[in-house]
Structure formats: C-alpha cells, structure tokens
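The values are calculated or read from the model by the stated rules, or taken from the named source; none is laboratory data. Please read all numbers here as calculations on a predicted model, not as lab measurements. Side chains included, ligands, DNA and RNA excluded: accessible areas come from the protein's heavy atoms. Shrake-Rupley method; radii C 1.70, N 1.55, O 1.52, S 1.80 Å.
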Amino acid sequence: MLILQRKLKQSICIGDDIKITILESGADGVKLAIEAPREISILREELVEAKKVNQEASCNQKQTVEELKQLYTQLIKK
C-alpha cells in the first residue's frame, strides 16, 4: 500500500490515464475528483462488497432452484 499526503487541488496520477484530485477536506471526510476512461469501473468499497454478496446469493439461489427441480422430478416419478 502506498500512502501519500496531498493538499487541496493537488492530484495523484495512476498510469497515464487516471487522475485523482483532492477537492475538499473536512472533519467528516475528503471529496475526490477521479478522471478515468469510461471503461474503468469506479465503485465505493461498500458497493463492491454488496455486489459480491449479491452474486454469492444469486449463485446459491440457482443451486437451490436446481435442487428443487430434481426433487420435483423425483416426486413425479413416484
């Protein structure tokens, strides 16, 4: 992990096409501006975590649906 200190209106460049600029800084947080190509996804960490949880739940639900189909098929055969 790289830790940098920046002042208002100063920027950090990542590669050739990503630029992060400090817009505001206060007691409750920091406001950032991020310039990046449209094809690069930029999400807050809590949204990334929520996305993972939703994907896992979706996978589990698909498995449950398949299990129910199998049970139904077995019941029909009896």
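Distant-in-sequence amide contacts of residue 25, defined by a placed amide H-H separation under 5 Å and a gap of 5 or more residues or a different chain, comprise 31. Only helical DSSP H runs with n ≥ 4 go in: add -39500 (n - 2.57) per run for the chain, normalise by residue count and round the 222 nm mean residue ellipticity to 500 deg cm²/dmol. Calculated at 222 nm, the ellipticity per residue is -15500 deg cm²/dmol.
With the whole protein complex present, residue 2 retains an accessible surface near 140 Å², based on a 1.4 Å probe. What the chain shows is 97 Å² of accessible area per residue, with the surface traced by a 1.4 Å probe over protein heavy atoms.
Potential lengthening of the chain between residue 28 and residue 11 amounts to 4.1 nm, from the contour at 0.36 nm per residue minus the alpha-carbon distance.
D by Stokes-Einstein for the chain, Kirkwood Rh over Cα pairs, 10 °C, 1.306 mPa s: 94 µm²/s. What the phi angles of region 37-50 give under the Karplus curve with 6.51, -1.76 and 1.60, with θ = phi - 60°, is a coupling list of x, 4, 6, 8, 7, 10, 10, 5, 4, 5, 6, 5, 5, 4 Hz, glycine and proline written as x. Protein heavy-atom surface of the chain, 1.4 angstrom probe: 54% of the accessible area is carbon and sulfur, with nucleic acids and ligands not counted. Structural descriptor for the chain: relative contact order 16 percent, calculated from alpha carbon pairs under 8 angstrom and at least 6 residues apart.
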